[in-house]
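We did not get these values from a lab; they are worked out from the coordinates using the rules stated. Here the structure is a predicted model, which is why all the values come from computation and not from measurement. A quick note on method: Cβ atoms are made from the backbone with ideal geometry, for glycine too, and the neighbour counts reach across all protein chains shown.
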Amino acid sequence: MKKHLDIKIYGEVQGVSFRYYSLEKAKELELTGFTRNKPDGKVYIEVEGEEKSLDNFLGWCRRGPSWARVEKIEVKEGRIKNYKNFEVRY
């Protein structure tokens, strides 16, 4: 069953290619949505897909790329928006 998640990632997550690697991971898992940096230093992701792929993606988000230091993540289920692909937004 397809689900939609809103994810906020806290810590040292900007300037470490977090968005680029989240794009690669989402494509690998056939997920759709977007990622962007927030002015307050967080990375924000909206992602949609099958539950197993979303669980795998969340596991990756808890670690991030090797240069990142993820302190915590917040995850909230939302309404399906039927994104066509996954992209980095600025």
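Details
- Folded to 0 to 90 degrees: helix 51-63 orientation relative to the chain principal axis, Cα: 0 degrees
- Net dipole in debye of the chain [+1 Lys, Arg Cβ; -1 Asp, Glu Cβ; about Cα centre; nearest 20]: 180 debye
- More than 18 Å apart - percent of Cα-Cα pairs taken over the chain: 33 percent
- Extension gain for Asp55 to Glu12 (0.36 nm times residue separation, less C-alpha to C-alpha distance): 13.3 nm.
- Per-residue Karplus couplings for segment 24-30, computed as 6.51 cos²θ - 1.76 cosθ + 1.60 with θ equal to phi - 60°, are listed in order as 4, 5, 4, 5, 4, 8, 6 Hz, Gly and Pro entered as x.
- Entries in Lys2/Lys38; Lys3/Lys76; Lys8/Lys81; Lys27/Lys81; Lys2/Lys42 that, when Cα-Cα distance is taken, lie over 21 Å: Lys2/Lys38; Lys2/Lys42
- Here the residues Glu48, Glu77, Glu12, ranked from fewest to most Cβ neighbours within 10 Å of their Cβ, fall in the order Glu77, Glu12, Glu48.
- 222 nm mean residue ellipticity, helices alone, for the chain (DSSP H n ≥ 4; -39,500 (n - 2.57); rounded to 500): -8500 deg cm²/dmol
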